[in-house]
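J.: Supplied in structure tokens, the structure appears directly below.
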Amino acid sequence: MPPKDRPVAGPGAPPKPAGQAQPEVAGRAQRARHCWVDSATGDEAVHAGLVIEWRRGSEGWSALVTYVVDDQGSPVVVTQWLDGALLRPAR
């Protein structure tokens, strides 16, 4: 599927947990979406993130997310595909 046709979180569309339908926004302006990333590093921390892209696989929805973690006092920027269930919309 070409990138322009892939579903992404559009204006007013919060990320959906895995297994739920994600709205299609083909033909509309596509924007990145702020979110909260739950336990992305295996810790109990919640990280502010930015959803770059959504994709649906056999396991459900996942998102390409960029977020910052603290690595022994130094901020580290992480970009990775995460299960949609780890994400909550930032309001």
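J.: Sticking with the crude label model, points 7 Å out along Cα→Cβ, report the distance from S39 to D83 in nm, one decimal please.
T.: 0.9 nm
J.: On to the next question. Enumerate the amide H contacts of A90 below 5 Å, restricted to partners 5 or more residues apart or on another chain; note that Pro and chain-start residues carry no placed amide H.
T.: C35, W36
J.: Run the quick spin-label model on I52 and V68: label points 7 Å from Cα toward the beta carbon, then report their separation in nm to one decimal.
T.: About 1.7 nm, to one decimal.
Laboratory data are not the source of any read-out in this text; all were calculated from the coordinates shown. Note that this is a predicted model, so its numbers are computed, not measured. Note that each Cβ is placed from the backbone with ideal geometry, even for glycine, and that neighbours are counted across all protein chains shown.
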